[in-house]
Amino acid sequence: MESLTRWLTDDAGSGPRVAVLIAGAGIGKTTVATQLFRHLVGDGKLGRFPILVQSDHWAKLSDRASLSLWDIWRESLDVLYASTINREDFDTCVENGLFVPIFDGFDELCTRLGAHFSATETLDQLMDLVTDTDGRILLTTRDGFWADNVAADRRRDIADFELLPFNRQQRAKYLENRFRLPPEIPKREVAAKILQRLGGAAYGGDQPAPRERLTSVPLIVWLAAECADAAGAESSLSKYGGLLDAADPLEGLLMMLFERERERRRLAIDPGAQLALLTELAFDFGRTFSGQDLRLYASTHCGLDDVGPQQEALRSHVVLHHRNEDFIFRFDFLADYLAARGLTDHLLRRPTVDRRAIQLLEDQARGGSGLFERAVERLFVLRPAKWKEELS
């Protein structure tokens with residue numbers, strides 16, 4: 001946070017004007033971008049207005065015949081500041097460092113809206129906007145996308161910051177901070193047990209380096225802590241622990257988490273039904289969907305009444321947050337995982353493939369998206385001996 005704030009607010013006239021925060025999926029790019037935005041908004045002495053661009057701002061633009069960067073900026077300005085500024089004034093404010101864009105999910109823009117935005121051309125537009133000015137722009141992206149889609153000579157002109165996974169000490173410190181009081185220590189121990197059991201089968205016989213393991217991903221550590229933060233956590237661990245040792249351990253984590261949600265929210269639907277419901281929503285709508293979509297799917301797939309306490313309980317589910325009448329998955333990684341579950345499940349239902357799966361494949365045809373990476377990973381899990389045949 002200190003390094004990024006210092007770079008964004010540096011008035012020096014030399015050096016790169018565009019920077020990138022690089023990390024793997026689930027490491028916390030969006031969390032850092034959001035906290036950075038809040039920090040800059042809260043510090044009025046800096047005299048700058050941060051513009052946080054996130055995928056849920058522009059997700060509903062995908063059906064337009066043509067899109068420009070200004071369309072993306074304008075959506076975020078409307079969400080954050082209800083602004084009516086025109087494009088010329090916006091560009092002037094960016095060039096003079098008054099507006100500081102934080103572009104979260106640059107890789108997602110270039111994959112989900114790839115017909116309108118290529119990595120190279122979009123970067124050129126951003127760099128043209130701030131070259132030889134006082135402006136600065138920060139992007140976030142997955143490491144694999146950045147290496148595969150941005151040429152080395154172009155990367156040399158951009159400042160880079162790397163966000164690393166947890167090491168063992170950081171993971172332990174997180175759990176210590178999360179469960180700090182003496183009565184909470186048993187929960188900390190349960191969370192540690194969950195992490196200890198996670199992911200062994202996913203690597204086969206070869207254990208990767210500590211920072212490359214699933215248990216070093218901050219999102220996974222958060223999920224383990226959430227699972228442990230329940231009166232019946234030990235019982236849930238006994239019930240679903242076998243899934244933690246399987247090739248798709250995230251399924252076990254989610255089943256434990258959804259068991260907690262059933263108890264905490266007094267939900268009438270069991271963890272398996274919650275997982276199926278959220279998978280269908282992610283598969284059909286992606287990361288953002290409406291309250292009406294949620295009510296309809298809960299009624300159709302789970303038999304819940306259109307209105308009432310069960311619907312209200314579902315609206316406050318731990319993996320969702322809502323803005324006005326729209327609902328958003330709290331984590332991009334989780335939304336991609338759930339959509340990928342839906343995609344692979346539909347593709348493997350032969351001989352008929354659902355038209356929605358075909359449409360989603362067409363949307364992902366340019367490759368490079370987190371959803372597609374998760375889908376291929378799950379295909380390996382479901383068909384370890386025939387994955388090449390299935391992928392074809």
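The values are calculated or read from the model by the stated rules, or taken from the named source; none is laboratory data. Not measured: the values here are computed from a predicted model. Heads up, the Cβs are rebuilt from the backbone with ideal geometry, glycines too, and the neighbour counts pull from every protein chain shown. Quick note on the areas: whole protein, heavy atoms, side chains included, nothing else; ligands and nucleic acids left out. Shrake-Rupley method; radii C 1.70, N 1.55, O 1.52, S 1.80 Å.
Starting from one equal scatterer on each C-alpha and no solvent at all, send me the Debye-based log10 I(q)/I(0) for the range 83-182 at q = 0.15, 0.23, 0.25 Å⁻¹, two decimals. Once normalised to I(0) and log-transformed, intensities are -0.75, -1.26, -1.39.
If you wrap the tightest convex hull around every Cα atom of the range 258-378 and split its volume per residue, you get 111 Å³.
Accessible area per residue for the chain, computed on protein heavy atoms with a 1.4 Å probe, is 48 Å².
Could you rank the peptides 9-15, 243-249 by their average count of other C-beta atoms within 10 Å per residue, with the highest value first?
On the way: 9-15: 9.6, 243-249: 19.0.
So the peptides 9-15, 243-249, ranked by packing, come out 243-249, 9-15.
I want to verify a result. In a Gaussian network model of the chain, Cα cutoff 10 Å, which of these has the top mean-square fluctuation: Gly135, Gly252, Gly232? Of Gly135, Gly252, Gly232, the Gaussian network model singles out Gly232 as fluctuating most.
Using the Cα centre as the reference, give the magnitude of the dipole from point charges on the C-beta atoms of the chain (Lys, Arg: +1; Asp, Glu: -1; all else neutral), rounded to the nearest 20 debye. Provide the component values of the computation, followed by the final result.
Working: 49 positive and 60 negative charges, 270 e Å.
That gives the chain a dipole magnitude of about 1300 debye.
In this calculation the C-beta distance from Glu189 to Ala82 is compared with R0 = 56 Å, giving a FRET efficiency of 0.75.
Projecting the Cα atoms of Leu267, Leu52, Ile185 onto the charge dipole of the chain (Cβ charges, centred on the Cα centre) puts Ile185 farthest toward the positive pole. Rolling a 1.4 angstrom probe over the chain with all protein chains present gives an accessible area of which 49% lies on carbon and sulfur atoms. The slack in the chain from Arg6 to Asp245, taken as 0.36 nm per residue of separation less the alpha-carbon distance, amounts to 81.7 nm.
For Ile51, the amide hydrogen comes within under 5 Å of the amide hydrogens of Val100, Ile102, counting only partners 5 or more places away or on other chains and with H modelled in the peptide plane.
At 1.002 mPa s and 20 °C, plugging the Kirkwood radius over alpha-carbon pairs of the range 229-294 into Stokes-Einstein gives what diffusion coefficient in µm²/s? Don't skip to the answer; put the middle values down first.
Values: Rh = 12.8 Å.
Approximately 167 µm²/s, per Stokes-Einstein.
At 20 °C and a viscosity of 1.002 mPa s, what translational diffusion coefficient does Stokes-Einstein give for the range 351-390, taking Rh as the Kirkwood radius over Cα pairs? Give it in µm²/s as a whole number. Present the calculation step by step, with values, prior to reporting the outcome.
Values: Rh = 11.1 Å.
Once the numbers are plugged in, D ends up at 193 µm²/s.
For the range 4-70, the dipole from Cβ point charges (+1 on Lys and Arg, -1 on Asp and Glu) about the Cα centre works out to 40 debye, to the nearest 20. In the chain, the alpha-carbon atoms span a convex hull of 166 Å³ per residue. Quick one: go through the range 277-304 and flag any residue whose amide nitrogen is under 12 Å from the point 7 Å out along the Cα-to-Cβ line of Asp354. Answer for this model: 277-286, 301.
Which of the trypsin sites (Lys or Arg not before Pro) found in the range 235-323 are in a DSSP loop and have at most 14 neighbouring Cβ atoms, other than their own, within 10 Å? Numbers along the way, then the final one.
On the way: sites: Lys239, Arg260, Arg262, Arg264, Arg265, Arg266, Arg287, Arg295, Arg315, Arg323; in loops: Arg266, Arg287.
Qualifying residues, ordered by number: Arg266.
What the Cα convex hull of the range 155-202 gives, in volume per residue, is 100 Å³.
In plain terms, the C-alpha convex hull of the range 8-150 casts an average shadow of 8.4 nm² when viewed from every direction. Note on the chain: helix-only mean residue ellipticity at 222 nm, from DSSP H runs of 4+ residues weighted -39500 (n - 2.57) and normalised by residue number, equals -16500 deg cm²/dmol.
Only Lys, Arg, Asp and Glu carry charge here, each on its Cβ (+1 for the first two, -1 for the last two); on that basis the range 1-158 has a dipole of about 400 debye about its Cα centre.
Counting pairwise Cα distances across the range 324-392, what percent come out greater than 14 angstrom? Can you show the working numbers first?
Working: 1450 of 2346 pairs.
Value for the range 324-392 (Cα pairs over 14 Å): 62 percent.
Put a dot 7 Å past the Cα of Ala147, heading toward its Cβ, do the same for Gln196, and the two dots end up 3.3 nm apart.
Close amide H partners of Ser290, meaning residues 5 or more places away or on another chain with modelled amide H under 5 Å apart, are Phe327. What share of the DSSP beta bridges in the chain is antiparallel, in percent to the nearest 5? Taking every DSSP beta bridge within the chain, about 30 percent pair in antiparallel fashion. Per-residue Karplus couplings for the range 285-296, computed as 6.51 cos²θ - 1.76 cosθ + 1.60 with θ equal to phi - 60°, are listed in order as 10, x, 7, 10, 8, 8, x, 5, 4, 4, 4, 5 Hz, Gly and Pro entered as x.
Among the trypsin sites (Lys or Arg not before Pro) in the range 338-392, which ones are in a DSSP loop with at most 13 other Cβ atoms within 10 Å of the Cβ? Mind listing them?
Details: sites: Arg341, Arg349, Arg355, Arg356, Arg366, Arg374, Arg378, Lys386, Lys388; in loops: Arg349, Arg366, Lys386.
In loop regions of the range 338-392 (DSSP not H, G, I, E or B), the sparsely surrounded trypsin sites (Lys or Arg not before Pro) are Arg349, Lys386.
In the range 140-174, which trypsin sites (Lys or Arg not before Pro) fall in coil by DSSP and have 16 or fewer other Cβ atoms within 10 Å?
Details: sites: Arg142, Arg154, Arg155, Arg156, Arg168, Arg171, Lys173; in loops: Arg156.
Counting only loop positions with at most 16 other Cβ atoms within 10 Å, the trypsin sites (Lys or Arg not before Pro) in the range 140-174 are Arg156.
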